[in-house]
1. Suppose we filter segment 308-356 for residues that are away from the ligand (no atom under 15 Å from the Cβ), in a loop (DSSP other than H, G, I, E, B) and surrounded by fewer than 20 Cβ atoms within 10 Å (Cβ to Cβ); how many remain?
2. So which of ILE95, ILE27 is farther than 23 Å from THR319 by Cα and touching a helix residue (DSSP H, G or I) at 6+ places or on another chain (Cβ under 9 Å)?
3. Here are the criteria: (1) within 16 Å of the ligand (Cβ to nearest atom); (2) on the phi > 0 side of the Ramachandran plot. Tell me which single one VAL139 does not satisfy.
4. Considering segment 230-260 alone, what residues qualify as being assigned to a helix (DSSP H, G or I) and surrounded by 14 or more Cβ atoms within 10 Å (Cβ to Cβ)?
5. Consider only pairs whose beta carbons are under 9 Å apart and that are at least six residues apart or on different chains; among these, list those whose first residue lies in segment 203-232 and is modelled with pLDDT of 95 or more and whose second residue is among the acidic types (Asp, Glu) and surrounded by fewer than 15 Cβ atoms within 10 Å (Cβ to Cβ).
6. Find the residue count for segment 210-229, including only residues that are surrounded by fewer than 23 Cβ atoms within 10 Å (Cβ to Cβ), among the aliphatic types (A, V, I, L, M) and assigned to a loop (DSSP other than H, G, I, E, B).
7. In segment 115-128, which residues are open to solvent by 20 Å² or more (accessible area, probe 1.4 Å) and either within 12 Å of the ligand (Cβ to nearest atom) or of a type in the set (S, T, N, Q) (or both)?
8. Using the structure shown, decide if VAL196 is without any contact (Cβ under 8 Å) to a residue 24 or more places away in the chain and not in a loop (DSSP other than H, G, I, E, B).
Amino acid sequence: MPFRFQTAGESHGPGLTAIVEGLPAGITISEEYIRQDLARRQGGYGRGKRQQIETDWARFRSGVRHGSTLGSPISMLIDNKDWENWHEVMSVTPIERELNKVTRLRPGHADTTATIKYNQDDVRNALERSSARETAARVAVGALARRFLEYFGIEVHSHTINIGGVKATYTYPIDWEAVEESAVRCVDPEATELMVKAIDDAREAGETVGGISELVATGVPIGLGSHVSWDRKLSARIAQAVVSINAVKGVEIGAGFALAEMRGSQVHDVIKPMNEWQPNATGWVRPWQRMRNNAGGIEGGISDGEPIIVRFLIKPIATLPKPLPSVDLITGEVVNAHYERSDICQVPAGGVVGEAMLCIVLADAVLEKFGGDHIDETLRNFRSYLTTIGPRGLPRE
Ligand code: EPS
């Protein structure tokens, strides 16, 4: 059973809904566990006033009993606290009063494209769903996937490596605690300071800034994904998942675009045997190791056992405090784009959403490979597979 999910909800409607299917029975989970990631998504220097209103919390409505998954669809509700202020504007039923419509199109948001495509005369009918508020639901789904991956010793983290052109210096392994302590989720303290300054400068100028976040997944066994068809490649699935995040305009895996400047011998990751054959706590053995990881943990569309490294670019938020010139949807006149309120920079939060999407893709790939209706069955299949992944000439048990 694949890991499937759907989200629903408008930014200022009553709340967000997520439905997840495919997780085996017997996985222990709590709302508090999910809250940790929801809180991380709400944080980061440069966030707007909305995050002071919300305390995102996902309530289970199905699929979990006495703290364990049942194997049935899991539904979660995240209330919008801000709904209180939007009852009339976002009313499901028709209202008496004539409301001011949003008609000043923001360049860079879905305002123009979605309003025209869906034949609307109020941009709110498009912007409510295209708002990155939806990513709260994805993070709740991603937390379920993360919990599942923990059973296999797979961890997914992210860190900010660039905000507005300020680049972080870092080496692996990353100190993830230091990342979470940084105001912008950056491991480099000097860069953190400069990134904060870049956000302050942007705020003062009525601007917004984007940047780059890096995802690192460790403990991923060799063999997730497939080389045989385009849509089964792990790299392709990750790229789609990450580019689907609001405001993401680019993605690279491993050394990515830097590979264009190297020759083949500098690029490909030389294989060497591991000296250690001892399984770790989860039973994971790593019979092969690479001298480096330019491939970012994926070769031929299949995980190769090295950490999966993915970077993605988040453009500056389209809602500018000092709006760009635009056009009025109704009159066609030149106007300034619509502005309500917005974040100045959402890159630290974007990293958390990226983690969620990577967790979802990896959970799906683990389920595809190992199956199972109860987590014990999935783990049995996983451990059995691990006995087969060493050099072919050596005993496999
Ligand atoms: C967001 C909530 C939204 C925006 C932001 C993300 O809240 P509001 O519109 O009420 O201020 O702050 O949305 C965008 C970045 C966007 O471009 O739409 C959230 O919860 O993440």
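1. Counting residues in segment 308-356 that are away from the ligand (no atom under 15 Å from the Cβ), in a loop (DSSP other than H, G, I, E, B) and surrounded by fewer than 20 Cβ atoms within 10 Å (Cβ to Cβ) gives 5.
2. None of the other options fit; the residue is ILE27.
3. Condition not satisfied by VAL139: (2).
4. Scanning segment 230-260 gives ARG232, LEU234, SER235, ALA236, ARG237, ILE238, ALA239, ALA241, VAL242, VAL243, GLY256, LEU259.
5. GLU207/ASP201; VAL209/ASP201
6. Matching residues across segment 210-229 total 2.
7. Scanning segment 115-128 gives ASN119, GLN120, ARG124, ASN125.
8. no
The values are calculated or read from the model by the stated rules, or taken from the named source; none is laboratory data. Bear in mind the structure is a predicted one, so any value in this text is a computation, not a measurement. All Cβ positions, glycine included, derive from the backbone under ideal geometry; neighbour counts span all protein chains shown. Just so you know, the surface numbers come from the protein's heavy atoms only, side chains and all, with ligands and any DNA or RNA stripped out. Shrake-Rupley method; radii C 1.70, N 1.55, O 1.52, S 1.80 Å.
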